[in-house]
Every structure is written in C-alpha cells, then in structure tokens.
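What follows is a single structure, written as structure tokens, with notes after it.
The values are calculated or read from the model by the stated rules, or taken from the named source; none is laboratory data. Every value quoted in this text rests on a predicted model; they were computed, and no experiment measured them. Cβ placement follows ideal geometry from the backbone for every residue including glycine, while neighbour counts extend to all protein chains displayed.
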Amino acid sequence: MTGILALDIETSNYSHEIGGWGNTHLFEPSVVATWDGENSTVYCQKHAEVEHEMPDDVVIKNLHPKTLGKDLEKHIEAGGRLLGHNIVKFDLPILRDSLDCWTASDILSKSKATIVDTSVILRSVTGHSVPLSDAVSHTLGRDKLMSSHDAPLEWRRGQYGKVAKYCLDDAKLVYDLWAHGNDEGFVKSRSRETGEVMEYEVQWE
C-alpha cells in the first residue's frame, strides 16, 4: 500500500452534446474505478450487469454519491491521496457537479494536499498537454484498452462490462505511470515541438 488511490471515470455522454466541457453538471457518469496498487473497486450504474464480467478480486458497488463519497472520505481521512490524469479539471468536477458527490468538492478544496494530477504535472514540465495514451505508451510500453472517445458509444451499445474494464484499466495505467515516475524520476512522451520521444523529469509530490 502506498497511500495513493488512482481514480478514473467514464460518462455515457459527450461534451459536444451538453454545450462544452464547462457544463460538468450535465455529464452522466456511468463508471468510476479506483485502484490502490492492491485493491480495485468499480462503481457502476449497471453494477448487476457488470458483476459477472469482472474478475473475482474486483469489488463492484452501485454508483451512488454516498457510497463513493464515504469510500473516498475514508481514504483521505486515513492520510491517503487521490491520483488521476486530468482529475482536477474532469473527474472530480463531474463527480461534484453531476453526481452531487460532496466528498469530491471537499477533496478539490484541499487539492494541493490530497491530489496528484499527472496531467497537470506533465503539462508543467513539457509545456503542453500529454494524453494518458501517449505517456503510458512511451513510458510503460502499454496501450489503453480503447479510445476514451469510444467509451460512451460502447456504453450505449450495452457493453457495460467492456466500459467498466476499460475504466479500471485506465486507473491502473495512471497508477503505474505514477509509480514509474516516482521510482525512476522521469516519464516519456512525444515532444510537440520536435516530434521526438523525450524523457521528462517529474516530481509528483
């Protein structure tokens, strides 16, 4: 256990359908997944449909603000931190505004102490946004299970288990990216200026 809890969310709709990224209250969260390096939890609107498709060691819970909020609160109160890629601008605001999860609001108000956002940190060292797919591909040699753009469509097709697995895998990828940067002191991504894959020193703390 590291005290780090990686979190990722998926929605069943797109930003262009609700008037842009600023309308976080209009997103429809479908799945939230967390991973602490040992334990994984999936919170899902279709938890009954997803349960039989996930490995036995994954805890499945209904996606409810009180259920998720209590789990996150317990983690933070124990001195843990929350990890994510673009979690400050996307995941937590959506959970706060759309799911009405008060714990997300509380965590955001203490962001410097409780949140590690790999997207924010990588932007600060590279000078541009770095997609998670780019960072994990060049750093870890791994690929995402699908494009984030495909997740809402797959959900609408009834592929609930597929989306849940993708969400959990993304949480694990963020965790492993954080662990690599923490252990090795660098993350790789492609430079927008030169097109070359570069090593960037990172300090997540």
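Only one residue in Val163, Val120, Val130 is over 20 Å from Thr2 (Cα atoms), touching a residue at least 12 places away in the same chain (Cβ under 8 Å) and surrounded by fewer than 20 Cβ atoms within 10 Å (Cβ to Cβ), so which one is that?
Details: Val163 fails: surrounded by fewer than 20 Cβ atoms within 10 Å (Cβ to Cβ); Val130 fails: surrounded by fewer than 20 Cβ atoms within 10 Å (Cβ to Cβ).
Step by step, each of Val163, Val120, Val130 is checked, and only Val120 is over 20 Å from Thr2 (Cα atoms), touching a residue at least 12 places away in the same chain (Cβ under 8 Å) and surrounded by fewer than 20 Cβ atoms within 10 Å (Cβ to Cβ).
Given the residues Asp143, Asp91, which is the only one that is closer than 21 Å to Ala179 by Cβ, touching a strand residue (DSSP E or B) at 6+ places or on another chain (Cβ under 7 Å) and of a type in the set (Asp, Glu)? Reasoning before the result, please.
Values: Asp143 fails: touching a strand residue (DSSP E or B) at 6+ places or on another chain (Cβ under 7 Å).
Of Asp143, Asp91, the one residue that is closer than 21 Å to Ala179 by Cβ, touching a strand residue (DSSP E or B) at 6+ places or on another chain (Cβ under 7 Å) and of a type in the set (Asp, Glu) is Asp91.
Could you give every pair whose Cβ atoms fall below 7 Å, whose first residue belongs to the range 178-197 and is under 30 Å from Gly3 (Cβ atoms), and whose second residue is surrounded by fewer than 13 Cβ atoms within 10 Å (Cβ to Cβ), counting only separations of at least 6 or pairs across chains?
Taking only residues 6 or more apart or on different chains, the pairs are Gly185/Glu201; Phe186/Glu201.
Restricting to the range 162-201, count the residues that are farther than 30 Å from Glu53 by Cα and out of contact with any Leu (no Cβ under 8 Å at 6 or more places or on another chain). Give the derivation first.
Here is the first cut: in the range 162-201, the residues farther than 30 Å from Glu53 by Cα are 181-201.
From what is left, the residues that are out of contact with any Leu (no Cβ under 8 Å at 6 or more places or on another chain) are 181-186, 188, 190-199, 201.
Result for the range 162-201: 18.
Being at pLDDT below 95 and under 18 Å from Val116 (Cα atoms) narrows it down to one residue among Gly79, Gly84; which is it?
On the way: Gly84 fails: at pLDDT below 95.
Of Gly79, Gly84, the one residue that is at pLDDT below 95 and under 18 Å from Val116 (Cα atoms) is Gly79.
What's the number of the condition Asp170 fails, among (1) touching a strand residue (DSSP E or B) at 6+ places or on another chain (Cβ under 7 Å); (2) outside any helix (DSSP H, G or I); (3) surrounded by 15 or more Cβ atoms within 10 Å (Cβ to Cβ); (4) of a type outside the set (A, V, I, L, M, F, W, C)?
All conditions are met except number (2).
With the requirement that a residue be exposed (fewer than 13 other Cβ atoms within 10 Å of the Cβ) and not β-branched (Val, Ile, Thr), what does the range 185-205 give you?
Here is the first cut: in the range 185-205, the ones exposed (fewer than 13 other Cβ atoms within 10 Å of the Cβ) are 185, 192-196, 201, 203, 205.
Result: Gly185, Arg192, Glu193, Gly195, Glu196, Glu201, Gln203, Glu205.
Of all the residues that make up the range 153-163, how many are assigned to a helix (DSSP H, G or I) and either more than 12 Å from Ile9 (Cα to Cα) or touching a His at 6+ places or on another chain (Cβ under 9 Å) (or both)?
Just the residues of the range 153-163 that are assigned to a helix (DSSP H, G or I), to begin with: 153-156, 160-163.
If we keep only those that are either more than 12 Å from Ile9 (Cα to Cα) or touching a His at 6+ places or on another chain (Cβ under 9 Å) (or both) as well, we get 153-156, 160-162.
Of the residues in that region, 7 qualify.
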